[in-house]
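Each remark here refers to the structure printed beneath this line.
The values are calculated or read from the model by the stated rules, or taken from the named source; none is laboratory data. Given the structure is predicted, the values throughout are model-derived calculations rather than measurements. Here the Cβ is made from the backbone with ideal geometry for all residues, glycine too, and neighbour counts use every protein chain on show. Accessible surface areas use protein heavy atoms only, side chains included; no ligands, DNA or RNA. Shrake-Rupley method; radii C 1.70, N 1.55, O 1.52, S 1.80 Å.
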Amino acid sequence: MDKLLTLWTGSGLFNMTAGQAVMIAVGLLLLYLAIRKGFEPLLLVPIGFGGILANIPEAGLALSAAENAIHFAKPEVLAALAGILDVSYQAGQAVTPEVVEVFKHAYKEASTGEVSTAIAAAQDFGYTNGMMYNFYQVVIGSTVGPLVIFMGVGAMTDFGPLLANPKTMLLGAAAQFGIFGTVLGAALLDWTGILDFTMLEAAAIGIIGGADGPTSIYVASVLAPQLLGAIAVSAYAYMAMVPMIQPPIMRALTTPEERKIKMSQLRPVSKLEKIVFPIVVLIAVALFLPDAAPLLGMFCFGNLMRECGVVERLSDTSQNALINIVTIFLGLSVGSKLMADKFLDAQTLGILALGIIAFGIGTACGVLMAKLMNKFTKEPINPLIGSAGVSAVPMAARVSNKVGLEANPHNFLLMHAMGPNVAGVIGSAVAAGVMIKLLG
Amino acid sequence: MDKLLTLWTGSGLFNMTAGQAVMIAVGLLLLYLAIRKGFEPLLLVPIGFGGILANIPEAGLALSAAENAIHFAKPEVLAALAGILDVSYQAGQAVTPEVVEVFKHAYKEASTGEVSTAIAAAQDFGYTNGMMYNFYQVVIGSTVGPLVIFMGVGAMTDFGPLLANPKTMLLGAAAQFGIFGTVLGAALLDWTGILDFTMLEAAAIGIIGGADGPTSIYVASVLAPQLLGAIAVSAYAYMAMVPMIQPPIMRALTTPEERKIKMSQLRPVSKLEKIVFPIVVLIAVALFLPDAAPLLGMFCFGNLMRECGVVERLSDTSQNALINIVTIFLGLSVGSKLMADKFLDAQTLGILALGIIAFGIGTACGVLMAKLMNKFTKEPINPLIGSAGVSAVPMAARVSNKVGLEANPHNFLLMHAMGPNVAGVIGSAVAAGVMIKLLG
Amino acid sequence: MDKLLTLWTGSGLFNMTAGQAVMIAVGLLLLYLAIRKGFEPLLLVPIGFGGILANIPEAGLALSAAENAIHFAKPEVLAALAGILDVSYQAGQAVTPEVVEVFKHAYKEASTGEVSTAIAAAQDFGYTNGMMYNFYQVVIGSTVGPLVIFMGVGAMTDFGPLLANPKTMLLGAAAQFGIFGTVLGAALLDWTGILDFTMLEAAAIGIIGGADGPTSIYVASVLAPQLLGAIAVSAYAYMAMVPMIQPPIMRALTTPEERKIKMSQLRPVSKLEKIVFPIVVLIAVALFLPDAAPLLGMFCFGNLMRECGVVERLSDTSQNALINIVTIFLGLSVGSKLMADKFLDAQTLGILALGIIAFGIGTACGVLMAKLMNKFTKEPINPLIGSAGVSAVPMAARVSNKVGLEANPHNFLLMHAMGPNVAGVIGSAVAAGVMIKLLG
Amino acid sequence: MNDLMSQAIDLMIAGMGFVFVFLIILVFATQIMSKLIGRFAPEPVTPKKAPRAKPKAPASVDPDTAEAIKKAIAKFRSRHKK
Amino acid sequence: MNDLMSQAIDLMIAGMGFVFVFLIILVFATQIMSKLIGRFAPEPVTPKKAPRAKPKAPASVDPDTAEAIKKAIAKFRSRHKK
Amino acid sequence: MNDLMSQAIDLMIAGMGFVFVFLIILVFATQIMSKLIGRFAPEPVTPKKAPRAKPKAPASVDPDTAEAIKKAIAKFRSRHKK
Ligand code: NA
Ligand code: NA
Ligand code: NA
């Protein structure tokens, strides 16, 4: 009986908070969007499932051993942690919710050394790091997960169309206005008193405008890990919604004549150019923006493996087994940040609102830049390919193609849009490097 | 000459203990069973090989840097460790076998923080963690190995037959008597004074009755890591022997007429049901047994990836590259626990004896439950499918089919037995959660 | 403006040292050799790329958080590190280049415990471990990378030709003179005062003569990690040059008649012999040289998985996904040791010079041993297969075949040379074990 | 009966009780789920004999195809020789 | 305008400025690279419609081939039955 | 001759000595193993020209088969056009 009581008082039904119930519903919604609506399922299935796991009451899967120990709040354990975390708590003292809050706050403020000492102490009392806490530390805390994904993306990227028409790189630059405009938007929300954001948080939110999953996760994990869940969900959700978000903006900013512009066929690109290009990018990074080196370095490495033709084994593995393995654990790790007390906050609503603005600004600036370039270049540029500069590879390029076909059923823009599309990946990574340099 | 002497006094031939020789023979026996007799080779080949590696004299592959330092027992190193492990040893003192034993015991009792400090100190003297010690810590110590395997098993499991006839889940419940009956058996051995077990050890031994490799390893690593080697070997060996263990029990408990019972054909199951089922299980876990969340969460995640149809890349990888990689290191890690001083113990004989009893009880209870259900349900149930409730997927289901065909050559029970078979996996994981909740 | 200045003063162009520029050129040269000349591209592409990444100014990708903190040398951070590293520095003191040097030196001399404390302290000030520092620690620092590669190589190795004619193992023994002769060469350079080497460094350089990538990396990481970059580059470069290095030596030491010797056809080898052979090797290692257990243990494990026929899934994975993943990160990790201050040193030139001597001695001793054996055995041995004893599998065996065909277009030596070729792998691992035992 | 025995009995009662309660709940939940899906989202059925574990990577060509290919090769070669 | 606003504006100016500078440099570097390669190492061109991401592991037989094989099987079987 | 030299010579003697001893033991052990297997467990032999490293994942169709398939396709197409 005693044991059955233990089972009941330890059950989820007995302990579930309203926040956890809501977050489980959010996880189910993400699964629905991913499975039924096809919203970036490779990431949103693990993120949604991870979000549910993270909110299972009492399981503490997304908490460290020390956080679990604080949650269960046994007096002798708290007494042991008090010394480490510099909390004034004596062995006999009553454990009130306030005391637990004090410990939670002290743990959040603790230094790296104190955290690991606290975890070791909690482990001596039998508490363990939650499964998803471990995943997060290894995959995102170390930054290795997003970087390996980026390497795989590099190995999947064909820079041919960009090399055939390098000027379209400027479209990929213009679309980054989405990033910095959103930072400004977040600052505005803070100024007007609607929401509170720090500069680091504003910058991390802005990166949603990069429309690049691994870049967003990387930047958020460096600048504002507490917002990582909301930022990643927002980034992937809007990437999936690119076919809905972009067309109205593209149509509003262009005339039917502009949309009918035919672009001259792309010149063939030699194998050697494709091999040398990632090295050129790498050297430019080394010379001008070392802080973008992890992201762009791994991206260029993946692309070099793809193009050099002598390491096909490695290129195949980085496009398949390796990226798949990391994607599974990256998704679960992002899901571990969908905990009620961190996600159910007005900030999250702000992030979702700013995210869609970010995509809109990026799209608009890409299109406008294309129109501007059209005035200065001999070869005509269809402004519809400008919107592909936000990245969201290859969805945004397909949107350019589709909107182009509506205006002229014989005008295939896909290959022309792939240039700015992959340039947008580089552009976002550069913007990420600038933000980490100036704020990190 | 001096150097050749060093080589000789450091050789295995010079240092081998009887226990190590026996354990190497045990490793060879496991390899023989795996390779020639086909006993669960995917696990027993790495476990057997790992067992040999762990018992190579002087190599210390399965020991931490600190344990290796204590083994070689240089006075200045012991003096450095004495302060950390709180042993009264002075720099000049003679190093007797008793002193070494005192250090070994102090290391075993040391806290997590002390252990890592002792390892760092030993590393400063040039000692290193053995290869297999590292494997164990990363793969099993972190619990990630069994969980990833379980995810892969989930991605390989078809719940269709269970969904077509959910009542057969009760057979998977009844078979778990094998687990708890064995705990009782271990307690009985302790009570009668034949062997000594603690409650944690008894529970860890019981889980062999779950007939599920990753579940057994997970539970043993949490409750009684010192018995992990014997428990894992016992679990996999008896799983391989299911076709020998089960049929006599099944025949003894059923009449020929019962064995001839034809079951009605399974209804077709829709894709959506298969997608929703793992989510239903997950929510049930969240509501009723959070402590089963790591095991069943990963299992359901794997199954959802399989069924949802939009992440085939991830599902394929978790069924192939990922599960294979983890299996290699999981096997070697289990092998690292086959060290002479831990394995060559009367307890191991007890574990082997209890293990087969566990399988027997589970089989019997499954069959009896099926007979009981037959009295209350309209649709006939062939009691032979009850034995499949022990899991040992898909071997036990094949045994049901085979014994059924002996009685009636036109009666194919395989699909009907797959229902209780996969239910047994869920049942064992639930039982594991209960034991961890009440004892962990 | 202020921010643009920050970007400029933090750029690579502003900070690049001559050494870094040279090392980036070296990285480009390695990429050129790998991609255009086909020099062991699977390793040299990641190594070369990693070398460039490691030398990006200010990015600190190959440095720990503490090293990065020392590089940026903020007074308050140095004050915090001073206590940990036992440097006499007071908070207000001016930060001169000398002070920074003192910190760098103190960090290099610090104990394992101090290093991890210093890193934790630096992390509290916002510094992070560089991406490639993490890769190195996980993949090479733990020794797991070379061992996993060696397992994969084992799974790719067919011992059939060696089992058909086990006497050729002696050729694989003789070729190890390349290793120890090179150690002597390094000692000679030290004695004559041309270069300075310690005994550990001399031994680590010698292992280049083993002509085996993972063995070289393993030994260098254990005995002289500071030389790892130069040793690995040297080993892989000369392995790629085997078809240029070996033939002149082979021709000089043999008469045309010897080169024409036809060898009797190899007897068929049974499956069981192939299964038992890795176990025989393992037991020999256990009895005679426990220090070779990690390398040869993993090698034999891979080979047993290959031959036993019951774990094809695991064997395939270890030959494909797993070895590819580890190769990518192993290569990048080796590249992290190509930093200017460690690589641009007269020692590196010495290592390159000694490396080619090592290959030459090994080749010569293999050929001479074959000639010697020819005097004592009934069955004729073509001395050209002796050179294959250096390993460099399967390149050296192909060279034997090619030189043999020049002398007699109907004399195929490939299969006969594969015996000593794979014996050379075992021989080098044994030599590695001896060196680690006597010096490690 | 010592303490360990009584603990083991307690564990058995609590454990088997809980396992049955949990799986019975799951039986009902599954039946409700199936009914709801059958009513609100009826779907074309999937073939129920899907193999339990079908690792896809090694699969290249199915036996039938392989057989046909071999015949084709044999035929092709025999023609070629003429 | 508070401090955060002015910081955000600064960041935008520095950031967009730098992104444009970097990508303009890259445009020129790429054009120079292409010209140098065209002059000193002209190569047979690669077909420019290479698919963006072609994971090779699952690829076994291309559709054309598969079609032919299926026809072959059908033919083979029909002959066999006779 | 300095200390390093004498150490290196010692290492060479010990090292080469040990390498030879070890591999000679291995030669004998292997021969004994082969004889025992030949006597007590003679087996049908495996073809000895098994390729050294045969990564199976990328392997899809062997060249011969591929050639045959291509011919078959060509033939199929030419027929189809008629
Ligand atoms: Na972008
Ligand atoms: Na079970
Ligand atoms: Na060698």
Can you tell me how many residues in region B:287-313 are in contact with a Gly (Cβ under 9 Å, 6 or more places away or on another chain) and within 14 Å of chain C (Cβ to nearest Cβ)?
-> 0
Among the helices (runs of 4 or more DSSP H) contained in region A:1-116, which hold 1 or more residues that are among the hydroxyl-bearing types (Ser, Thr, Tyr)?
-> A:2-9, A:18-36, A:97-109
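How many of the residues making up region C:393-419 are within 10 Å of ligand 3 (Cβ to nearest atom) and part of a helix (DSSP H, G or I)?
Our first condition is that a residue be within 10 Å of ligand 3 (Cβ to nearest atom); within region C:393-419, this holds for C:393, C:396.
Restricting the remaining residues to those that are part of a helix (DSSP H, G or I) gives C:396.
The total comes to 1.
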Enumeration of residues in region C:350-366 that are open to solvent by 30 Å² or more (accessible area, probe 1.4 Å) and either of a type in the set (S, T, N, Q) or under 24 Å from C:Leu42 (Cα atoms) (or both) = C:Leu352, C:Ala353, C:Ile356
Looking at region B:295-336, which of its residues are open to solvent by 10 Å² or more (accessible area, probe 1.4 Å) and among the aromatic types (Phe, Trp, Tyr)?
-> B:Phe329
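So which residues in region D:10-23 are aliphatic (A, V, I, L, M) and at the interface with chain B (Cβ under 7 Å from one of its Cβ atoms), if there are any at all? Break it down into steps so the answer makes sense when it comes.
Step one: filter region D:10-23 for residues aliphatic (A, V, I, L, M), giving D:11-14, D:16, D:19, D:21, D:23.
Result: D:Leu11, D:Met12, D:Ala14, D:Met16, D:Val19, D:Leu23.
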Scan region C:13-25 and report the pairs whose first residue is within 7 Å of C:Pro57 (Cβ to Cβ) and whose second residue is among the polar types (S, T, N, Q), with Cβ atoms within less than 6 Å and a gap of 6+ or a chain change.
-> C:Gln20/C:Asn55
When C:Ile283 is evaluated against the numbered criteria (1) open to solvent by 10 Å² or more (accessible area, probe 1.4 Å); (2) at the interface with another protein chain (Cβ under 7 Å from one of its Cβ atoms), which criterion, by number, is the only one it fails?
-> (2)
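Residues checked against (1) of a type in the set (D, E, K, R); (2) under 22 Å from B:Thr157 (Cβ atoms):
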| site | (1), (2) |
| --- | --- |
| B:Ala358 | no, no |
| B:Gly362 | no, yes |
| B:Phe376 | no, no |
| B:Lys402 | yes, yes |
| B:Leu413 | no, yes |
| B:Gly419 | no, yes |
| B:Gly433 | no, yes |
| B:Lys437 | yes, no |
Tell me, please, whether a residue that is under 27 Å from A:Ile436 (Cβ atoms), acidic (Asp, Glu) and open to solvent by 10 Å² or more (accessible area, probe 1.4 Å) can be found in region C:32-44.
-> no
Within region B:133-147, the residues that are facing another protein chain (nearest Cβ under 9 Å) and open to solvent by less than 10 Å² (accessible area, probe 1.4 Å) are B:Leu147
Give me the pairs: first residue in region D:11-31 and free of Cβ contacts under 8 Å to residues at least 40 places away in the same chain and closer than 21 Å to A:Asp2 by Cα, second residue of a type outside the set (A, V, I, L, M, F, W, C) and open to solvent by less than 30 Å² (accessible area, probe 1.4 Å), beta-carbon distance under 6 Å, and six or more apart or on different chains, which are they?
-> D:Val19/B:Gln176; D:Val19/B:Gly427
Is at least one residue of region C:245-254 open to solvent by 20 Å² or more (accessible area, probe 1.4 Å), away from ligand 2 (no atom under 16 Å from the Cβ) and either within 14 Å of another protein chain (Cβ to nearest Cβ) or in contact with a Leu (Cβ under 8 Å, 6 or more places away or on another chain) (or both)?
-> yes
Identify all residues within region F:21-35 that are over 16 Å from C:Pro420 (Cα atoms) and open to solvent by 90 Å² or more (accessible area, probe 1.4 Å); write none if there are none.
-> F:Ile32, F:Lys35
Specify the residue that is nearest to ligand 1 (Cβ to nearest atom); the eligible residues are those in region B:199-217 that are crowded, with 24+ Cβ neighbours inside 10 Å and either acidic (Asp, Glu) or farther than 18 Å from B:Gly172 by Cβ (or both).
-> B:Ile217
For C:Gly152, work out the one condition from (1) facing another protein chain (nearest Cβ under 10 Å); (2) out of contact with any Ser or Thr (no Cβ under 7 Å at 6 or more places or on another chain); (3) in contact (Cβ under 8 Å) with a residue 24 or more places away in the chain; (4) crowded, with 24+ Cβ neighbours inside 10 Å it doesn't fulfil.
-> (2)
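Does at least one position in region B:379-388 carry a residue that is more than 12 Å from ligand 2 (Cβ to nearest atom) and within 19 Å of B:Thr215 (Cα to Cα)? Let's see the steps before the verdict.
Applying the first criterion (more than 12 Å from ligand 2 (Cβ to nearest atom)) to region B:379-388 yields B:379-386.
From the residues that got through so far, the ones that are within 19 Å of B:Thr215 (Cα to Cα) too are none.
No, there is no match, as no residue in region B:379-388 is more than 12 Å from ligand 2 (Cβ to nearest atom) and within 19 Å of B:Thr215 (Cα to Cα).
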Per-region count, region B:387-416, residues under 22 Å from the mean Cα position of the chain (by Cα) and surrounded by fewer than 24 Cβ atoms within 10 Å (Cβ to Cβ) = 4
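Quick one: how many residues across region B:195-231 are away from ligand 2 (no atom under 16 Å from the Cβ) and within 13 Å of another protein chain (Cβ to nearest Cβ)?
The first filter runs over region B:195-231 and keeps only residues away from ligand 2 (no atom under 16 Å from the Cβ), leaving B:195-202, B:221-230.
Applying the additional criterion that residues be within 13 Å of another protein chain (Cβ to nearest Cβ) yields B:195-202, B:221-223, B:225.
Summing the residues that are away from ligand 2 (no atom under 16 Å from the Cβ) and within 13 Å of another protein chain (Cβ to nearest Cβ) in region B:195-231 gives 12.
So is B:Leu195 in a helix (DSSP H, G or I), more than 16 Å from ligand 1 (Cβ to nearest atom) and in the same structural domain as B:Lys375 (by the TED database) or not? Even if it seems obvious, please write down each step before you answer.
Working: in a helix (DSSP H, G or I): no; more than 16 Å from ligand 1 (Cβ to nearest atom): yes; in the same structural domain as B:Lys375 (by the TED database): yes.
No: the conditions fail for B:Leu195.
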Do the conditions hold for B:Val183, that is, is it hydrophobic (A, V, I, L, M, F, W, C) and within 16 Å of ligand 2 (Cβ to nearest atom)?
-> yes
Exactly one condition in (1) out of contact with any helix residue (DSSP H, G or I) (no Cβ under 6 Å at 6 or more places or on another chain); (2) more than 17 Å from B:Met305 (Cβ to Cβ) is not met by A:Gln20; state its number.
-> (1)
Would you confirm whether any residue within region A:365-388 is within 21 Å of A:Phe150 (Cα to Cα), more than 10 Å from chain E (Cβ to nearest Cβ) and away from ligand 3 (no atom under 16 Å from the Cβ)?
-> yes
